[in-house]
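Read through the structure below, which is laid out as structure tokens, and then see the notes.
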Amino acid sequence: MTVIVHHLENSRSQRVLWLLEELGLPYEVKRYERNKATMLAPPELRRIHPLGKSPVIEHGGNVIAETGAIVEYLVELGDGRLGKPGHREDALRWRHFLHYAEGSLMPPLFTKLVLSRVPLFGKMAQKKFQPMIDVHLDYVEAELAARPWFAGPDFTAADVMMSFPLEAAVARAGATQGRPNLAAWLDHIHARPAYQAALAAGGPYAYA
């Protein structure tokens, strides 16, 4: 049964397309464009889910929102591929980074984006936020110095989840400056055939 992906340009939903390509699951893309003035999602998305956000998927009569929940659903649909590793420590890291991406790393990056649109005082506040972001980016750099992928020696869905905040951090917070392991990890994910196929399916994506 085909997964329908409600895909908003330049958004978290690019990760869903990438994971579907990695898992080889059939899917259909329904594209949405942001409002050019506000950069918000269009109201049409509320017809799919009350929050009007992306990503949202439809599959087997289910409507599923939230990237982490979608990732877990798709991993299960793909018979556990790219899911929790068998080694206990790797499994703990997999679960940690699956939730860390949106729960801890993304909020300060989003706050900085909002502040960048506030005249005068927004620029001053951004400078105070950068050290908070640097703590996260330095943590990520240290983790990637210890292993090639976030959960361990192998690529998993945790890497898919971590992609959007770290790609956004390059544009918003100088993520790769002085962080060679993070820069190498980004190069590796961007070179994956499934990642490139997802870009072709999803259309223009500012963070690749």
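Overview of values
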| item | result |
| --- | --- |
| Some residue of region 128-147 being touching a Gly at 6+ places or on another chain (Cβ under 8 Å), of a type outside the set (A, V, I, L, M) and open to solvent by 40 Å² or more (accessible area, probe 1.4 Å) | no |
| Residues located in region 42-56, provided they are open to solvent by less than 30 Å² (accessible area, probe 1.4 Å) and under 20 Å from Glu102 (Cα atoms) | Gly52, Ser54, Pro55, Val56 |
| Residue in region 172-183 that is in contact with a Pro (Cβ under 8 Å, 6 or more places away or on another chain), aliphatic (A, V, I, L, M) and either over 24 Å from Arg93 (Cα atoms) or open to solvent by less than 40 Å² (accessible area, probe 1.4 Å) (or both) present | no |
| Val75 vs. criteria touching a helix residue (DSSP H, G or I) at 6+ places or on another chain (Cβ under 8 Å) and within 22 Å of Ala169 (Cα to Cα) | no |
| Residue within region 45-58 that is under 16 Å from Ala158 (Cβ atoms), of a type outside the set (Lys, Arg) and either in a strand (DSSP E or B) or more than 16 Å from the chain's Cα centre (by Cα) (or both) present | no |
| Failed item, numbered, when Trp18 is tested on (1) open to solvent by 20 Å² or more (accessible area, probe 1.4 Å); (2) in contact (Cβ under 8 Å) with a residue 12 or more places away in the chain; (3) under 24 Å from Ile189 (Cα atoms); (4) part of a helix (DSSP H, G or I) | (1) |
| When residues of region 78-124 are limited to those that are among the basic types (Lys, Arg) and not in a helix (DSSP H, G or I), the one surrounded by the most Cβ atoms within 10 Å (Cβ to Cβ) | Lys84 |
| Only listed residue being in contact with a Lys or Arg (Cβ under 8 Å, 6 or more places away or on another chain) and not aromatic (Phe, Trp, Tyr), chosen from Pro55, Pro43, Pro26 | Pro55 |
| Test: residue in region 66-81 that is in contact with a strand residue (DSSP E or B) (Cβ under 7 Å, 6 or more places away or on another chain) and not small (Gly, Ala, Ser) | yes |
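The values are calculated or read from the model by the stated rules, or taken from the named source; none is laboratory data. As the structure is a prediction and not an experimental result, all values here were calculated from the model. Because the Cβ atoms are built from the backbone with ideal geometry, glycine has one as well, and the counts that use them run over all protein chains shown. In case anyone asks, the SASA skips ligands and DNA or RNA and just uses the protein heavy atoms, side chains included. Shrake-Rupley method; radii C 1.70, N 1.55, O 1.52, S 1.80 Å.
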